[in-house]
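Q: Have a look at the structure that comes next, please.
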Amino acid sequence: MLLAFSVAPSGQPAAGTVSSDGSVHDAVAEAVKIVRESGLPNRTDSMFTTIEGEWDEVFDVVKRATEAVGKYGNRVSLVIKADIRPGYTGELTGKVERLENAIAQGE
C-alpha cells in the first residue's frame, strides 16, 4: 500500500506549542519525524508525506503522527489518499521510475 497524507493542526494550541510566525511547520516536523523513525519507505514533499507498507503498519504511523500534531491545536485536519495494490512493493519509487521512462521514450 502507498498512502499519502497531510496533517495540520488548527484551533487553540496547547501552551508553548505556537510557532512565532503562525506556521504549522513545527507540528508537521513532529509528524514527519514519526514517519521517518517508523522505518517504512517514505517521501515528503511540500504537500504530502507518502509512506509504503502493509495496511496496519501504515495506519499505525498515520495515527501516531496525527496524535503528535494534535498537541498544536484542539483540532486536526487529516487528508489521506491510498493506492492499495496487494502483492506489490517498491512502488514508492517504482511508479515514478515507470513514469520517467515513459516520458523519456516519448521524447
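Just so you know, all these numbers are worked out from the coordinates, no wet-lab data involved. Here the structure is a predicted model, which is why all the values come from computation and not from measurement. Here Cβ is always computed from backbone atoms with ideal geometry, including for glycine, and neighbour counts include all displayed protein chains.
Q: Only Cα pairs under 8 Å and at least 6 apart count here; give the relative contact order of region 22-82 as a rounded whole percent.
A: On the way: 45 pairs, mean separation 20.5, N = 61.
Relative contact order for region 22-82 comes out at 34 percent.
Q: Counting only C-alpha contacts under 8 Å and six or more residues apart, can you give the relative contact order of the chain as a whole percent? Could you put the intermediate results ahead of the total?
A: Working: 157 pairs, mean separation 47.4, N = 107.
The normalised contact order for the chain reaches 44 percent.
Q: Per residue of region 24-34, what does 6.51 cos²θ - 1.76 cosθ + 1.60 with θ = phi - 60° give for ³J(HN,Hα)? Whole Hz please, x for Gly and Pro, Karplus curve as stated.
A: With coefficients 6.51, -1.76 and 1.60, one gets 9, 4, 5, 5, 5, 4, 5, 5, 5, 4, 4 Hz.
Q: Per 5 Å bin from zero, what fraction in whole % of the C-alpha pairs of the chain is there, up to the bin with the longest pair?
A: Histogram of Cα-Cα distances, whole percents per bin: 2, 12, 21, 20, 15, 11, 8, 6, 3, 1, 0, 0.
Q: Which order do peptides 99-107, 63-71 fall in by mean Cβ count within 10 Å, highest first?
A: Highest to lowest by the protection proxy: 63-71, 99-107.
Q: Shifting gears a bit: Tell me, what HN-Hα J-couplings in whole Hz come from the Karplus equation 6.51 cos²θ - 1.76 cosθ + 1.60 at θ = phi - 60° for each residue of region 63-75, using x for Gly and Pro?
A: Karplus-based 3J(HN,Hα) across region 63-75 equals 4, 5, 5, 5, 4, 5, 5, x, 5, 9, x, 8, 8 Hz.
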